Amino acid sequence: MHMWERLYASAFEKVKANIGNVRGVLLAYNTNIDAIKYLRKDDLETRIERAGKEETLRYSDELPEKITSVPQLLGSILWSVKRGKASELFVESCSTRFYMKRWGWDELRMGGQVGIMANLLGGVYGVPVIVHVPQLSRLQAGLFKEGPIYVPGVEDGKLRLVHPGDFKGDEESCIHYIYEFPRGFRIFDFESPRENRFIGSADDYNATLFIRDEFRERFDEIASKVDLAIMSGLQALTRENYREPFETIRGHLEVLNEKNIPAHLEFAFTPDETVRNEILKLLPEFWSVGLNEVELASIMEVMGEKGLAEKLLAKDPVDPIAVTEAMLRLAKETGVRRIHFHTYGYYLALTDYRGEFVRDALLFAALAAASKAKLGDVPSINEVVQAMGVPVNEKVKPVEGTLAEEYGMRGGIAEVDNYQLAFVPTKIVAKPKSTVGIGDTISSSAFVGEFALEVSF
Ligand code: ADP
């Protein structure tokens, strides 16, 4: 058998046998509802005529900063359609939010990195998770899978963990309205060059990284119930509002570090440069960080490494030497112990510790990602193995060759500057059913999988 196929098969068996060793994972902070609407030409045209075509078209030339009226909403959707480009704007006015709610949706999905990871780790892998849900409405609660997924509540001064479905109370709904259109979608005399989406986010809580009282007042107690933590959701903050949540997060990291609980930051593209810089300053408190090529390049930019940033975005597949150099820069600057990089075709992990379990966890993550791409959702850990049938990406052969030549890599493992570099070529699904949340699937599977294997040694 091909070396990689053999490694894939044994990694899957090992992680599956050991994932039950993980006592608990804390997931904070962003959970929301994704409401997906597939746009229809007639419906959209009628709505635009009714809202005022001239005004609406103006916004299709230039996006507003945020949405405060219905013409702005419809114009921003048109902006995306015309260019085949994704965009996301905050919806401020309540009358526009009400309009969106009445317009409705075709499908509701769990949204936010925390929500997605909760359903994967708790609902699919059966790993107990404690989840930060900024607002728990009935609609939101219904999107959680069955399984050991818990939200904390305080009753008579005591901390209680319940499944979101058993949470008493109905808080606000944080809804991200996703307006999807296919390639060739025609409206008036526009035609979309690509399939894509416009997102109008009616969500005051995740945007400002609202942190619940239970997590402010009882964090120590919550943390004592878990082995690992994964944090995300810092990406929407701005230079105006980041200070307060960052202070709370720093406090949380202090508690986690005192208890020797490794914390992983799931990085996401953060448009505000001040916030990106502040995240960089927070990285020394994390054990691990997960990111893709665009995100790594954006970090190199704020570190003053413009040349490296450009190299990371210049080639397909991404140049692994540029990635390794960027990861080394980041690790040395921040002291973060593990960096997990993922791109279309391969993953790399740079760690200040050694062992094949790091590579094996990446292989497990690649199977989970392929399973998600193929089926749209990972139904159960047993079905992850079916992704074994998806072929290993052949286009990545030269990447492996380069790593062998440059760093003497063998079997996906090399020693670089006192760090271990682990590499895996991934399985690529030719016609994916969905790619939403694959990044979160990859990072959380690898981080938790690695810990499951490590504690079994
Ligand atoms: P998102 O934020 O949408 O999750 P990311 O860029 O973080 O996006 O993650 C996307 C990752 O998913 C890519 O880096 C790649 O490794 C993986 N991926 C994308 N398409 C496929 C596919 N068809 N089959 C397997 N893996 C895929």
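We did not get these values from a lab; they are worked out from the coordinates using the rules stated. Everything numeric in this text was worked out from a predicted model, so none of it was measured. Here Cβ is always computed from backbone atoms with ideal geometry, including for glycine, and neighbour counts include all displayed protein chains.
The table below lists the values:
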| read-out | value |
| --- | --- |
| Exposure proxy ranking, count of Cβ atoms within 10 Å, fewest first, for H2, H252, H340 | H2, H252, H340 |
| Virtual spin-label span in nm between E221 and L63, 7 Å along Cα→Cβ | 4.3 |
| Gyration tensor verdict on segment 282-359 (Cα atoms; rounded if a/c is under 1.5, prolate if a/b is larger than b/c, oblate otherwise) | oblate |
| Surface/4 estimate of mean projected area, convex hull on alpha-carbon atoms of the chain, nm² | 21.4 |
| Estimated inter-spin distance, R40 and D204, nm [label 7 Å along Cα→Cβ] | 3.3 |
| Segment A404-K332, extension gain: residue separation times 0.36 nm, minus the distance between their alpha carbons | 23.6 nm |
| DSSP beta bridge pairing in the chain, given as percent antiparallel to the nearest 5 | 55 |
| Distance between segment 268-285 and segment 37-99 - C-alpha centres, whole angstrom | 31 |
| Neighbour-limited loop hits for trypsin sites (Lys or Arg not before Pro), segment 223-308 (at most 12 other Cβ within 10 Å; DSSP other than H, G, I, E, B) | R239 |
| Two-decimal log10 I(q)/I(0) for segment 162-268, as the Debye equation yields it once each C-alpha is a single scatterer, q = 0.21, 0.22 Å⁻¹ | -1.24, -1.29 |
| Surface/4 of the Cα convex hull for segment 388-457, nm² | 6.5 |
| Shape metrics for segment 327-457, restricted to C-alpha atoms - Rg then Dmax, Å | 14.6, 41 |
| Förster radius 60 Å - calculated FRET efficiency between R243 and A9, Cβ distance, rounded to 0.05 | 0.75 |
| Inverse mean reciprocal Cα-Cα distance (Kirkwood Rh) of segment 78-182, Å | 15.8 |
| Filtered GluC sites (Glu not before Pro), segment 97-176: DSSP coil and at most 10 other beta carbons within 10 Å | E146 |
| Too-long pairs where the Cα-Cα distance tops 27 Å, listed order kept, from K16/K433; K85/K332; K14/K281; K158/K372; K281/K306 | K85/K332; K14/K281; K158/K372 |
| C-alpha long axis of helix 356-375 to longest principal axis of the chain, angle in ° | 30 |
| Label zone at R250, where the point sits 7 Å out along the Cα-to-Cβ direction: segment 260-296 residues whose backbone N lies under 12 Å | 278-279, 281-283, 285 |
| Within segment 255-302, chymotrypsin sites (Phe, Trp or Tyr not before Pro) in DSSP loop having at most 12 other beta-carbon neighbours inside 10 Å | F269 |
